[in-house]
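Only one structure is covered here, and it is reproduced in the block below.
Every number in this text was worked out from the coordinates using simple rules, so none of it is lab data. Predicted, not measured: the structure shown is a model, and the values here were computed from it. When we count neighbours, we look across all protein chains shown, and the Cβ atoms used for this are built from the backbone with ideal geometry, even at glycine.
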Amino acid sequence: MDGPDRPDRGDPALRHFEAKIRLLERSGGHWIDHGTVLPDEPQPYEREWAGSALLDGTDVYLFFTAAGVADRPGGYQQRLYEAKATLGADGFPADWSQPRPCLASDHPAYQLANAHEGRAGEIKAFRDPAFFRDPADGSDYLIFTASLADAKPQFNGAVGIAKRHAGGWDLLPPLLQADGVNNELERAHAVSVTEAITCSAPHSAPPSHRACGMPRTACTGWSRTACSGNIGP
C-alpha cells in the first residue's frame with residue numbers, strides 16, 4: 001500500500017517493485033497505518049510480498065515472500081522467509097529477529113522461482129506462505145503458491161505445503177496440481193471448519209480452460225472431510 005514513505009508513483013504495476021509489509025490497526029471504525037512491520041535494514045532480497053502472521057502466546061511470527069535480489073533490482077526471484085518478534089505491553093511487536101529463509105524449493109516436485117525476468121500470468125511461483133495449524137493434532141504447516149517441476153505445459157501452477165519440525169520445515173508433495181490448466185494459484189490458504197479443511201486460491205488460467213465462465217481472478221477450491229485426521233496431500 002502507499003504511505004508517507006511509499007508515495008503513489010502513478011503506475012499501479014510499480015507496487016510489485018516497492019512492496020513492503022505494513023502494520024495496520026483497526027480502531028474506531030478506521031484503519032491506522034503504523035508503517036512497515038520489519039526494521040528498515042539491508043537484506044539480500046529487494047521487496048516483501050504476501051505472507052501471513054501468527055500470534056502464539058506473546059511470540060509474533062511473520063512468514064512472507066522475499067522477492068527479488070538486492071544487488072539486481074526489479075527481478076521476480078522468490079523465496080519464503082520468516083521472522084520472529086515479541087508482543088509488547090503496548091500491543092505492538094518488538095525486537096524482531098533477523099529475517100531468514102524458512103525453506104527453499106529443494107523438493108523434486110517444485111520448480112525454482114529464480115528467474116529475473118517475467119510477464120504477468122507467466123511468472124513462476126514460490127511465494128505467499130500462509131500459516132495453518134491442524135486442529136486434529138496441532139501440527140503446523142505453511143501453504144504456498146508454487147510451480148511444478150518438469151512440467152511440459154507452460155501453465156504448471158500448484159499449491160505447495162511444508163510441515164514444521166523441531167529444526168525447521170519439511171517440504172511435502174503439492175496439495176493441488178494444475179498442470180496444463182492454471183499458472184499462478186496465488187495466495188492459497190487453508191481454513192478449518194466443522195466438517196472439512198478447505199484450501200482455495202485465485203487462479204491464472206488460459207482462456208481455453210475457463211469453460212466454467214469464471215474470471216481470471218476467481219477462486220477455485222480444494223477440500224476434504226478431514227477434521228478427524230491430519231491435513232496432507
Sites matching trypsin sites (Lys or Arg not before Pro) across the stretch 98-183 that sit in DSSP coil, with at most 16 neighbouring C-beta atoms within 10 Å: 119
Extension gain (nm, one decimal) between residue 100 and residue 24, 0.36 nm per residue minus Cα-Cα: 25.0 nm
With a Förster radius of 30 Å, plug the Cβ-Cβ distance of residue 92 and residue 72 into 1/(1 + (r/R0)^6) and report the FRET value to the nearest 0.05. 0.35
Gain on full stretching of the segment that runs from residue 40 to residue 17 - 0.36 nm per residue minus C-alpha separation: 6.7 nm
Can you sort 32, 143 so the residue with the fewest Cβ neighbours within 10 Å comes first? 32, 143
Can you list the lysines whose alpha carbon is less than 17 Å from that of residue 84, not counting same-chain residues fewer than 8 positions off? 20
Modelling each spin label as a point 7 Å along the Cα-to-Cβ direction, I'd like the residue 119/residue 151 distance in nm, to one decimal. 1.7
